[in-house]
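Inspection log for the structure reproduced underneath, given as structure tokens.
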Amino acid sequence: MLHFQRVALAQELATAIQGKNLFGDAHNGLFLAAPRRTGKSTFLTEDLKPELERQGLIVVYVDLWTHKRRDPGELIANVIGKALQSHLGWLAKTAQATGLESVNIAGALKIDTSKIGRIDGATLVEALRTLRESAGKPVVLIIDEAQHALTSEAGEDAMTALKSARDQMNAPGKVNLMLVMSGSDRDKLLRLVNNNSAPFYGSQIQRMPELGDDFIAYVADLMEQQQPGLRPVNKAVLSHAFERFGHRPQFFLAALTEALSPFAAIEGRFESAVAAIAEQRLRDDQAQMESDYLGLNPLERAVLWRMLEKEQRFRPYDADALAFYQQKTAGKVSAQKAQTALESLRQHNPPLVWKSARSEYAVDDAAMHRWYRERVEAKTWPPVEQVGAA
Ligand SMILES: Nc1ncnc2c1ncn2[C@@H]1O[C@H](COP(=O)(O)OP(=O)(O)OP(=O)(O)O)[C@@H](O)[C@H]1O
Ligand SMILES: [Mg+2]
């Protein structure tokens, strides 16, 4: 499988989170947002993690989306537990063999051996500290799709525990615990940092740079090597197509494969065929959003509209919101009714709305915001059923 290594970006972030930049706040937690399928997880596991390990750090990675049904708090605790277990395996065995209930590590830390591998929120801090001590190296915890932690109370508790672990373990010039959180939606990730009661209040969200021209150059180079007949590959056209694919390598590479297939009935250069597939994909994606929207009942549409319009300032039940729903649906709308509509947007397949444990709501797929803005600009909002359509 083709993998374009992002060495420079990995090195840059590794330096930042260790607090080696004079200015910058990444040692307090690095929050990275980038849209879906743009290569976040690949970058974190294939580029950043190896780079941090190469620099002598212990890296623990968890993707809260791999088991969407499992409680995010439990997932975080588990992965830390596992890392600890692999460092303390010998210790646990010794303890069990000798029947000790707790053991001293280096005479300083005490850990309840019965809890190794089964850690609750309260002991997360202890577990991280123990991991740091027993490994003798600073620890980096990477939480992919971190916004998912906010969908459960245990997940929120885990985030608060991590914040407190960070504060207890770090001091100026001495960074022992680093946190990297990524998410596919800036708005949702913002809820970890954006108000007084948010666990990482004060931190900034950065946009994870998307793959760009260097990725295209790498792919074009490979193609020219493998199929000299394609020389010179037109990188500008491919680059533009990649952008139209929303910088999503998977769709781009699939289109390349399709355009180069001996069975593809294309005329002219393959680059133009890739560009045409990109345009088609864009139309398909937007048609899907339109049909999802039109499949909703009037109140659900109005609520979704309000969310798209207000973005982070969306308040589902304030007087203005209720007046808005009323105006759009030409009927009386109570807060109760609006709540039912929100609930059914959440239960929609695929879910259209995301809800945090504190009952904050956001549009589930951030791409919908772009679709909405484009239509507003083109004065084609809201979508309407085609007359005579089936
Ligand atoms: N550097 C890269 N080189 C080649 N292909 C890549 C690269 N990064 C990502 N991809 C491909 O793009 C697809 C999406 O990657 P990945 O799962 O890392 O994205 P993601 O942003 O984490 O997606 P999701 O939003 O679903 O979690 C995968 O098929 C992956 O193989
Ligand atoms: Mg991912």
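The values are calculated or read from the model by the stated rules, or taken from the named source; none is laboratory data. All of these numbers come straight from a predicted model, not from anything done at the bench. Glycine also receives a Cβ, built like all others from the backbone with ideal geometry; neighbour counts cover every protein chain displayed. Just the protein is used for accessible areas: all its heavy atoms, side chains included, with ligands, DNA and RNA removed. Shrake-Rupley method; radii C 1.70, N 1.55, O 1.52, S 1.80 Å.
Using only Cα atoms, find the angle between the long axis of helix 298-310 and the longest principal axis of the chain, and express it within 0 to 90 degrees, rounded to the nearest 10.
70 degrees
Could you tell me how many degrees, from 0 to 90 and to the nearest 10, lie between the Cα long axis of helix 249-260 and the main elongation axis, the longest principal axis, of the Cα atoms of the chain?
Between helix and principal axis, roughly 50 degrees.
Compute the distance in nm between two label points, each set 7 Å from the Cα along the Cα-to-Cβ direction, one at ALA236 and one at GLN55.
For the pair ALA236/GLN55, the computed spacing is 3.8 nm.
Might you tell me the accessible area per residue for the chain, computed with a 1.4 Å probe and given in Å²? Could you put the intermediate results ahead of the total?
Working: 19990 Å² over 390 residues.
Solvent-accessible surface per residue comes out at 51 Å².
Select from MET223, MET181, MET208 the residue whose mean-square fluctuation is largest in a Gaussian network model of the chain (Cα-Cα springs shorter than 10 Å).
MET223
Multiply the residue gap between GLN11 and ASN194 by 0.36 nm, knock off their C-alpha separation, and tell me the result in nm, one decimal place.
On the way: separation 183, 0.36 × 183 = 65.88 nm, distance 2.75 nm.
Stretched fully, the GLN11-ASN194 segment lengthens by 63.1 nm.
Of the listed pairs LYS188/LYS355; LYS137/LYS174; LYS68/LYS355; LYS337/LYS379; LYS20/LYS49; LYS68/LYS337, which have alpha-carbon separations greater than 20 Å here? Mind dumping the intermediate values first?
Details: LYS188/LYS355 9 Å; LYS137/LYS174 12 Å; LYS68/LYS355 14 Å; LYS337/LYS379 29 Å; LYS20/LYS49 17 Å; LYS68/LYS337 28 Å.
Listed pairs above 20 Å: LYS337/LYS379; LYS68/LYS337.
Please give the charge dipole size of the chain, origin at the Cα centre, charges +1 on K and R Cβ atoms and -1 on D and E Cβ atoms. Round to the nearest 20 debye.
Around 620 debye, computed over the chain.
Please report the carbon-and-sulfur percent of the accessible area for the chain; probe 1.4 Å, protein heavy atoms only, DNA, RNA and ligands left out.
Working: 10020 of 19990 Å².
Solvent-exposed carbon and sulfur of the chain make up 50 percent of the total.
Among 127-140, 166-179, what's the highest-first ranking by average C-beta atoms within 10 angstrom per residue?
Packing proxy ranking, top to bottom: 127-140, 166-179.
Given a 10 angstrom Cα cut-off, can you work out which residue in PHE314, PHE23, PHE251 is the most mobile in a GNM of the chain?
Fluctuation is largest for PHE23.
What FRET efficiency comes out for LYS68 versus TYR201 if R0 is 30 angstrom and r is the Cβ-Cβ distance? Round to the nearest 0.05. Please list the in-between numbers first.
On the way: r = 27 Å, r/R0 = 0.89.
Working from the Cβ atoms, E equals 0.65.
Given R₀ = 41 Å, FRET efficiency for GLN225-GLN347 by Cβ-Cβ distance, to 0.05? Mind showing how you got there, number by number?
Values: r = 50 Å, r/R0 = 1.22.
Calculated transfer efficiency: 0.25.
Determine the percent antiparallel among the DSSP beta bridges restricted to the chain, to the nearest 5.
Roughly 30 percent of the DSSP beta bridges within the chain come out antiparallel.
Show me the ranking of peptides 317-330, 151-164 by mean Cβ neighbours inside 10 Å, starting with the highest. Let's see the in-between values first.
Values: 317-330: 14.8, 151-164: 20.3.
Final packing ranking: 151-164, 317-330.
Place +1 on the Cβ of every Lys and Arg and -1 on the Cβ of every Asp and Glu in the chain, take the dipole about the Cα centre, and give the residue among PRO138, TRP371, ALA287 whose Cα lies farthest towards its positive end.
Farthest towards the positive pole: PRO138.
With charges set only on the Cβ (+1 for Lys and Arg, -1 for Asp and Glu), what does the dipole of segment 295-377 come to about its Cα centre, in debye to the nearest 20?
Rounded to the nearest 20 debye, it is 160 debye.
Please list the three semi-axes, largest first and in whole Å, of the ellipsoid equivalent to the chain, using sqrt of 5 times the eigenvalues of its alpha carbon gyration tensor.
41, 32, 17
So what's the angle, to the nearest 10 degrees on a 0 to 90 scale, between helix 235-244 and the longest Cα principal axis of the chain?
It works out to around 90 degrees.
Within segment 223-278, report the GluC sites (Glu not before Pro) that DSSP leaves as loop and that have at most 13 other Cβ atoms within 10 Å. Don't skip to the end; give the middle numbers.
Numbers: sites: GLU224, GLU243, GLU258, GLU267, GLU271; in loops: GLU267.
The qualifying sites are GLU267.
For segment 198-268, which trypsin sites (Lys or Arg not before Pro) pass both filters: DSSP loop (anything but H, G, I, E, B) and at most 12 other C-beta atoms within 10 Å?
none
Looking at segment 303-386, which GluC sites (Glu not before Pro) are in a loop (DSSP not H, G, I, E or B) and have at most 14 other Cβ atoms within 10 Å? Spell out each step's value before the answer.
Details: sites: GLU309, GLU311, GLU343, GLU360, GLU374, GLU377, GLU385; in loops: GLU360, GLU385.
Passing sites in segment 303-386 are GLU385.
Put a dot 7 Å past each Cα toward the Cβ at SER291 and GLU385; how far apart are the dots in nm?
1.6 nm
Distance from a point 7 Å along Cα→Cβ of ASP25 to each backbone N in segment 192-211: keep the residues under 11 Å and list them by number.
193-195, 200-206
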